[in-house]
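Below: the structure, in structure tokens.
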Amino acid sequence: MDAAVDGRLRRVAYDKARDVSIMKMNANSNWSMKTSRVNEVISLMKSRDIRGLTRAISIVESNEEGKDDLLNDAFRRGSKACFTLGFTGAPGAGKSTLVNSVVRHFRKEGKTVGVLAVDPTSPFSGGAVLGDRIRMKEHNPDDGVYIRSLASRKALGGLSEAAKFALYLYKAYGFDVIIIETLGVGQDEIDVAKYVDVTALVLVPGYGDHIQLAKAGIMEIADIFIINKSDRPGADLLKKQILNTMHMKPEDERPPVINTIAERNEGIAEVMAAVESVRSRAALQREERYRGRIAEEIRSSVLSQLARETDLHLEDMVEKVLKSSLTPIEAAKEILALLRN
Amino acid sequence: MSREKKIRVLIAKLGCDIHERGALTLLTVLRDEGMEVIYTGRYQTAKGVANAAVSEDVDVIALSDHTGSLPIIAQSVLAELKKIGVTDMKVVSGGLLSPQDIKDLEKMGVSGNFGPGTPLEMIIEHIRSAAR
Amino acid sequence: MGAHEAKVDRMAGHMVRTATQSGIELKPFYSADDISHLSYEADLGDPGNYPFTRGLYPLMYRDRLWLKSFIVSYATAEETNQAFRQYIANGLTDLRLLCDLPTQAGIDPDHPSAWNSMMCGGVATYAINIYEKMLDGLPLGEAVFEFAHAGMSSFLYFYGVLVAVMENKGIDVKKLRGNSINDPIRTKLVYSCPDFPTRIDRRICLDHIEYSVRNTPNWRPIAPNGVDPCQGGMDAIRELGGALAVATQVILDLAERGITIDEFGPMVFALDAESDFFETIAKFRLARKMWAKIASEKLGAKTKRAMQLKIGIRTSGLSLTSQKPLNNAARVALQILSCVLGGVNSLDASSIDEAVGLPSLEARVFNLDTQHIITHEANIPLVADPLGGSYYLEWLTSHMEREVNKYLEEIEARGGIFACLESGWLNEVMEANRLKVQREKAECKRLVVGVNAFREEGEEGTVNTAIRDVAYKTPSVSMRENLVAEVKAFKAGRDMKRLKPLITELYRATKEGRNTQRAVIEAAREGMTVGECVGVIRAGYGINYDPLQEIEMPDFVREITKM
């Protein structure tokens, strides 16, 4: 059957693969969207009720009471075998449109998909326009797709804590495929790679990407390069530049470079094939990445706690340094000694 | 990580209404007021909007329509929300409204119901209080 | 009012701006030095002479006044037909047709997403039977038609239905006069019309034009649109620049199909009459001048006709307020005046109650009367281009020409107007300007009377309240249910033996790259609906049948695609 012409295929395949809709309504459905009762949220997640997941993400994102319990529970229940795919790249690269098409493909295969889209918070107002979802609106009525938009809400670089924690929750809930889309600006791109199985870097011709490519770290993290809007002038040049950066690698380790025009749904099949081919390679490094993540998780939790405790003594120490011959280094040693007791 | 709770708003347009300017204006204004705003785009279905609102765990759904169909639209969205067990989602509306429309909407629990030309400060304040 | 001191409102005595609405900075006065670089022959010309800055015809309005028209479209075909008859009896000659929003999006009333807005602000003209009812007893061979629709399917399909209706009645279609406000860029830029993706829009646009040029020579099949981009945020420079770029590209595309600009004939633009009085007049004069130059220098026009640009106007809905709606009378009167002084060809002026609800009959007649007063009492149309030679206006026209040319060069550098649309650049430009205006209004650097300046606190007066009491009824649930049932019955009652081959022909013509217009006419005659027309063409391109991706293709269409 020609899948492109017959819109019915998508739904039939889905019904065969999964009997249970993930947007399930609980039998006792008097449940408030405002609930923060963590044990309720946890039990909803266990019964694969999407309202549980959605509330869990909010609780964790806003650092509400019970956040730690939620995360601990998610971690303990174990990361189900969810294939995680990351899309990163500069704004305007067309990531959301690409993700939309990729989701469509996974749905045709009958897979459930969880999408996490991260957008930047405005440094002036603290608000955000979360504008990735609008490009995926064809999936809104589909019960087999969950899409959540997060604002980065951060002052420093790197994938926001909320996004990292949300991924834990997604994995605990369980989707066949998880897709995270982030704004690739500097540290973000590198961070994403640690948290997913396959990282796709999306570039657009004419954006001065050769400058981007020169930045250390970018070339190392991408498992797949996608040149979107490839009908624009400069696409060939960009492809050459990318290929040039990999000529030192043995052929079977070179990441695929694919041309797409996401708006016209062109090149998506090639992207899916590339994802499949890279996936097996990625599985081998999974364990290592997982260890790296755990280490970082522990480290950052310890450091945040330390930072909080340090702050309690900080002002006094600053006064001491200003008024006496105490140096900052000695002050730090004093605080550490205090905390160790 | 920021510790404040941000107000999350879903701006939605259902059916075939093409007049987007009000929705787009509200989008940036609410962002500048520190809220996290998602716009569904046009041509949405009620089920799509309900799913999106629950997935995004928004505090308020803002329905925008200029064809005079807000009561019908609000009813369909509330019905879809009920189907997935959500009965306490705050819904506000704005656009072309007759006095009867406003009465019908308020009976359904939809508040705000702002006609064209309503000062933005009023809308912002209402959304803030609805989100509490 | 409290006991605090009354303050003199600064705005009552001063202006807050020194620039036009589009941001062109203005000097306190202009003189001969400012326009010494202009030459009468090259830059102005007499009315009726190249480059037509001063007007298309030597006699202009003395010979024939501008066409006065407005959209007449109610919920049912019968009501609309009645209204047409009434207006024609009152001197209306231009029938502007508008269908409801679902139909413009390319779906039938029995589509699930049509329910919310069906019959709101227009007839659901889903098939030829509705058209016949709507146009019953109207002088089809003499009236001038205009389709005010948004989607590309609308121009292809409804033109097809109109031609079918005329052929059925034995009226020579060569007599068909009017235009489509067809424009493949604005359907996506402003409305994101879902019926077809842009590349299909482009082909449909050309199919329609090609057919029309060869068969209905008095029909102007395209009118690049500045109104909607302007309402979406574009300033006067970009509004005009966009329309010129679209028109140029379409003529170039037509050349590839073997149609010259001389065969095509005069161009039509649908432009916006905005609040800034002189900038609007300058824009209209400039439009004619620039098109004449582009047509002759770039597109090889040899005949005078091919260098002429007709201007159809919609006054700015954006400028109207729902606060103190009576003020809109002043606004629209000024906008109408700017059109007359700018020498436009046809005018659709907003009604004063349009910001509040659907226009009432009284408000419409007031519009017409305003135009009659401007004509017969103020004597303004007696002299063509009366402001020609004004130092300010000629400087402004010339300055805007430089700005528009810069914009056109930028569009070229980015690969042409379609590339600019598809890359999202046009949307960015429009959005950036819209935000700029939003900020100006918020900071009171752009005043809107009754909204951010000279506001009225407290109760409205009786006149304003009366205007606001515009009773509009949205169609009741039973009306909608009736329509859906009617559509289902209509579809079931067609002769499928005759219809199927015709729809097959449309599918094939689409796939094989042949002109689809004739196939649409034939199939529409046999009862193909607008939703089916859109779906079949989409199927011909291998994309999903339903533009809103909610319903599946009917079985008979699936059979056709398998053949």
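Quick grid of which residues meet (1) in a strand (DSSP E or B); (2) away from every other protein chain (no Cβ under 14 Å); (3) at pLDDT 95 or above; (4) in contact with a helix residue (DSSP H, G or I) (Cβ under 7 Å, 6 or more places away or on another chain):
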| residue | (1), (2), (3), (4) |
| --- | --- |
| C:R64 | no, yes, no, no |
| C:E78 | no, yes, no, yes |
| C:A83 | no, yes, no, no |
| C:P109 | no, no, yes, yes |
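Among (1) modelled with pLDDT under 95; (2) touching a Ser or Thr at 6+ places or on another chain (Cβ under 8 Å); (3) within 14 Å of chain A (Cβ to nearest Cβ); (4) within 23 Å of B:M122 (Cβ to Cβ), which single condition is B:I38 missing? Every condition holds for B:I38 apart from (1). Contact map, the range C:544-562: first residue facing chain A (nearest Cβ under 7 Å) and of a type in the set (D, E), second residue surrounded by fewer than 20 Cβ atoms within 10 Å (Cβ to Cβ) and not in a helix (DSSP H, G or I), Cβ cut-off under 6 Å, separation 6 or more or different chains; pairs are C:E552/A:G7. For the range A:157-176: of the residues being within 11 Å of another protein chain (Cβ to nearest Cβ) and in contact with a strand residue (DSSP E or B) (Cβ under 8 Å, 6 or more places away or on another chain), which is surrounded by the most Cβ atoms within 10 Å (Cβ to Cβ)? Top of the filtered list is A:A163. Of the residues making up the range C:212-231, those that are more than 14 Å from chain B (Cβ to nearest Cβ) and hydrophobic (A, V, I, L, M, F, W, C) are C:V213, C:W219, C:I222, C:A223.
Just one of the numbered conditions (1) in contact with a Gly (Cβ under 8 Å, 6 or more places away or on another chain); (2) surrounded by fewer than 17 Cβ atoms within 10 Å (Cβ to Cβ); (3) modelled with pLDDT of 90 or more is not true of C:M479: (1). Within the range C:266-284, being in a helix (DSSP H, G or I), more than 24 Å from C:E412 (Cβ to Cβ) and among the charged types (D, E, K, R) holds for one residue alone: C:E279.
Note on the range A:56-166: enclosed strands (runs of 3 or more DSSP E) holding 2 or more residues that are under 23 Å from A:S230 (Cα atoms) and modelled with pLDDT of 90 or more are A:83-89. Among the residues making up the range B:83-122, a single one is closer than 24 Å to C:S476 by Cβ and within 13 Å of chain A (Cβ to nearest Cβ): B:V91.
Screening B:V29 on (1) more than 9 Å from every other protein chain (Cβ to nearest Cβ); (2) at pLDDT below 95; (3) out of contact with any Ser or Thr (no Cβ under 8 Å at 6 or more places or on another chain) shows it passes everything except condition (1).
Looking across the range A:122-138 at every residue that is more than 8 Å from every other protein chain (Cβ to nearest Cβ) and either touching a residue at least 40 places away in the same chain (Cβ under 8 Å) or surrounded by 23 or more Cβ atoms within 10 Å (Cβ to Cβ) (or both), the one that is nearest to A:G89 (Cα to Cα) is identified as A:D132. Does A:E296 satisfy the criteria of being modelled with pLDDT under 90, on the phi < 0 side of the Ramachandran plot and either touching a Phe, Trp or Tyr at 6+ places or on another chain (Cβ under 9 Å) or surrounded by 12 or more Cβ atoms within 10 Å (Cβ to Cβ) (or both)? So A:E296 passes the test. Scanning the range C:349-363 for residues that are of a type outside the set (G, A, S) and crowded, with 24+ Cβ neighbours inside 10 Å, we see that the one that is nearest to the other protein chains (Cβ to nearest Cβ) is C:V356. Of the numbered criteria (1) out of contact with any Leu (no Cβ under 8 Å at 6 or more places or on another chain); (2) on the phi > 0 side of the Ramachandran plot, the one C:G343 fails is (1).
If you filter the range C:97-107 down to residues that are more than 9 Å from every other protein chain (Cβ to nearest Cβ) and crowded, with 24+ Cβ neighbours inside 10 Å, you find that the one that is modelled with the lowest pLDDT is C:L97. Residues in the range C:424-445 that are more than 24 Å from the chain's Cα centre (by Cα) and more than 14 Å from chain B (Cβ to nearest Cβ): C:K445 alone. Scanning the range C:317-335 for residues that are within 20 Å of C:D94 (Cβ to Cβ) and either free of Cβ contacts under 8 Å to residues at least 40 places away in the same chain or surrounded by 21 or more Cβ atoms within 10 Å (Cβ to Cβ) (or both) turns up C:V332, C:Q335. Residues that are of a type in the set (S, T, Y) number at least 2 in the following helices (runs of 4 or more DSSP H) confined to the range C:455-523: C:462-468, C:496-512. Among the conditions (1) of a type in the set (S, T, N, Q); (2) surrounded by fewer than 16 Cβ atoms within 10 Å (Cβ to Cβ); (3) within 14 Å of chain B (Cβ to nearest Cβ), C:T474 misses just one, which is (2). Scanning the range C:269-282 for residues that are crowded, with 24+ Cβ neighbours inside 10 Å and farther than 18 Å from C:S398 by Cβ, we see that the one that is farthest from the chain's Cα centre (by Cα) is C:E274. If you go through the range C:167-211 and keep only what is under 19 Å from C:N427 (Cβ atoms), among the basic types (K, R) and free of Cβ contacts under 8 Å to residues at least 40 places away in the same chain, you end up with just C:R199. Taking every residue in the range C:116-130 that is in contact (Cβ under 8 Å) with a residue 60 or more places away in the chain and facing another protein chain (nearest Cβ under 10 Å) and pairing it with any residue that is surrounded by fewer than 24 Cβ atoms within 10 Å (Cβ to Cβ) and part of a helix (DSSP H, G or I), at least 6 positions away or on another chain, the pairs with Cβ-Cβ distances below 6 Å are C:M118/C:R480.
When restricted to residues that are in a helix (DSSP H, G or I), in contact with a helix residue (DSSP H, G or I) (Cβ under 8 Å, 6 or more places away or on another chain) and either under 22 Å from A:S58 (Cα atoms) or of a type in the set (K, R) (or both), the range B:27-37 contains 1.
The set of residues in the range C:501-536 being in contact with an Asp or Glu (Cβ under 6 Å, 6 or more places away or on another chain) and either surrounded by fewer than 21 Cβ atoms within 10 Å (Cβ to Cβ) or in contact (Cβ under 8 Å) with a residue 24 or more places away in the chain (or both) consists of C:L502, C:N515, C:T516, C:Q517, C:T529, C:G531, C:V534. The residue of the range C:211-241 that is nearest to C:D276 (Cα to Cα), among those that are of a type in the set (D, E) and modelled with pLDDT of 95 or more, is C:D235. Exactly one residue out of B:G15, B:G68, B:G22 is more than 8 Å from chain A (Cβ to nearest Cβ) and in contact with a Leu (Cβ under 6 Å, 6 or more places away or on another chain), and it is B:G68.
The values are calculated or read from the model by the stated rules, or taken from the named source; none is laboratory data. Everything numeric in this text was worked out from a predicted model, so none of it was measured. Note that each Cβ is placed from the backbone with ideal geometry, even for glycine, and that neighbours are counted across all protein chains shown.
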